[in-house]
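The values are calculated or read from the model by the stated rules, or taken from the named source; none is laboratory data. Note that this is a predicted model, so its numbers are computed, not measured. Note that we place each Cβ from the backbone using ideal geometry, even for glycine, and neighbour counts take in every protein chain shown. To get the accessible areas, we keep the full protein, side chains included, count just its heavy atoms, and leave off ligands, DNA and RNA. Shrake-Rupley method; radii C 1.70, N 1.55, O 1.52, S 1.80 Å.
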Amino acid sequence: MLRILGRVTSINVRKVLWTADEIGLGYEREDWGLPIRDPAVPEFLALNPNAQVPVMIDEAFVLWESNVIMRYLAEKEASALWPTVLQERALVDQWLTWQATELNPPWGYAVNALIRKKPEYSDAERTAESIAKWSEKMNLVEARLAQTGAYIAGETFSLADIALVLSIHRWFSTPFMHPHLPRVRDYFDRVKERKAAVPYLGETTP
């Protein structure tokens with residue numbers, strides 16, 4: 001049985017779980033990651049020396065890094081989430097990577113201040129700066145959806161949409177005055193109706 005190690009409250013774990021559910025894979029999930037279960041222990045470090053979730057165990061094969069696990073599962077099962085046409089696959093990979101390297105970093109301060117309410121994130125100016133940078137990236141999503149008229153990488157739902165919609169869910173879950181992005185809202189509303197999306201886009205998983 002495929003095993004996925006990580007807590008559902010982690011956005012990166014949710015990427016992998018949603019992917020597996022879209023494909024229809026059976027798996028066992030084990031809670032790891034603070035505050036539930038500390039991954040900085042020898043048992044977990046033997047699997048991932050970074051002490052980060054998620055980790056996937058497929059029989060004797062161990063893999064970490066959420067986007068890599070998503071690609072692995074889709075490739076293994078020949079899923080349409082990961083296209084076989086080179087240029088289509090490259091676009092999916094482009095937006096999957098962009099979500100991790102460009103869209104995610106700006107939200108850090110705002111999410112810790114406004115959702116997690118950590119006392120050390122109480123600087124209003126830095127929160128505003130985080131929101132402004134985050135909004136710039138979301139404007140790029142709005143423009144891209146205007147081009148495709150459908151999904152982030154093109155006409156069909158893909159791995160990139162799983163990552164992007166989880167990020168958009170976090171965007172709408174963070175309490176601040178959001179700019180008007182009608183295409184982003186429509187995209188989010190469409191994707192969240194997918195059966196496999198429902199467990200990962202709720203109030204308990206911002």
Problem - Heavy-atom accessible area ranking, 1.4 Å probe, most first, across His169, His178 - result: His178, His169
Fill in the blank from the handout: Looking only at aspartates and glutamates whose Cα falls under 14 Å of Lys137's and that sit 8 or more positions away or on another chain, we get Glu102, Glu129
Fill in the blank from the handout: A student asked for the Cα radius of gyration and Dmax of segment 99-206 in angstrom ought to give 13.9, 43
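Suppose every Lys and Arg Cβ carries +1 and every Asp and Glu Cβ carries -1, with no other charges. What dipole size does segment 100-206 come out with about its Cα centre, to the nearest 20 debye?
Details: 14 positive and 13 negative charges, 48 e Å.
Magnitude of the dipole: close to 240 debye.
Quick check for you: with a 1.4 Å probe and neighbouring chains kept, what is the accessible area per residue of the chain, in Å²?
Working: 10430 Å² over 206 residues.
Per residue, the chain has 51 Å² of solvent-accessible surface.
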Exercise for the section: With the convex hull built on the Cα atoms of the chain, state its orientation-averaged projected area in nm². Expected result: 11.6 nm²
Practice task
On the protein heavy atoms, probe 1.4 angstrom, tell me the percent of accessible surface of segment 1-69 carried by carbon and sulfur.
Solution key: 52 percent
Problem - Selection from Thr205, Leu2, Gly24 lying farthest towards where the dipole of the chain points positive, charges on Cβ - result: Thr205
Problem - Binned Cα-Cα distances of segment 79-139, short to long, each 10 Å bin given as a whole percent - result: 22, 35, 22, 16, 5
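Order of 63-73, 111-121, 156-166, 133-143 by packing, highest average Cβ count within 10 Å first? Before the final figure, lay out each step's value.
Values: 63-73: 20.5, 111-121: 14.0, 156-166: 24.6, 133-143: 16.7.
So the order, starting with the most tightly packed, is 156-166, 63-73, 133-143, 111-121.
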Fill in the blank from the handout: Non-local residues with an amide H under 5 Å from the amide H of Arg29, with H modelled 1.01 Å from N and Pro and chain starts lacking one, are Ile4
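How charged is the neighbourhood of Arg170? Take every other residue with its Cβ under 14 Å from the Cβ of Arg170, and add Lys/Arg as +1 and Asp/Glu as -1. Intermediate values should be presented prior to the final figure.
Numbers: positive: Arg14, Lys15, Arg116, Lys137, Lys192; negative: Glu203.
Neighbour charge sum, excluding Arg170 itself: +4.
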Practice task
Just tell me, in residue order, which DSSP H segments of the chain are both 20 angstrom or longer along the helix axis (alpha-carbon based) and at least -1.0 in mean Kyte-Doolittle hydropathy.
Solution key: 124-148, 159-173
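Treating only the Cβ of Lys, Arg, Asp and Glu as charged (+1, +1, -1, -1), what charge dipole size does the chain show about its Cα centre? Round to the nearest 20 debye. The partial results should precede the final answer.
Numbers: 23 positive and 27 negative charges, 82 e Å.
That gives the chain a dipole magnitude of about 400 debye.
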Practice task
Go through Ser122, Gly154, Leu140 and say which Cα lies farthest out towards the positive end of the charge dipole of segment 113-165; charges sit on Cβ, +1 for Lys and Arg, -1 for Asp and Glu.
Solution key: Ser122
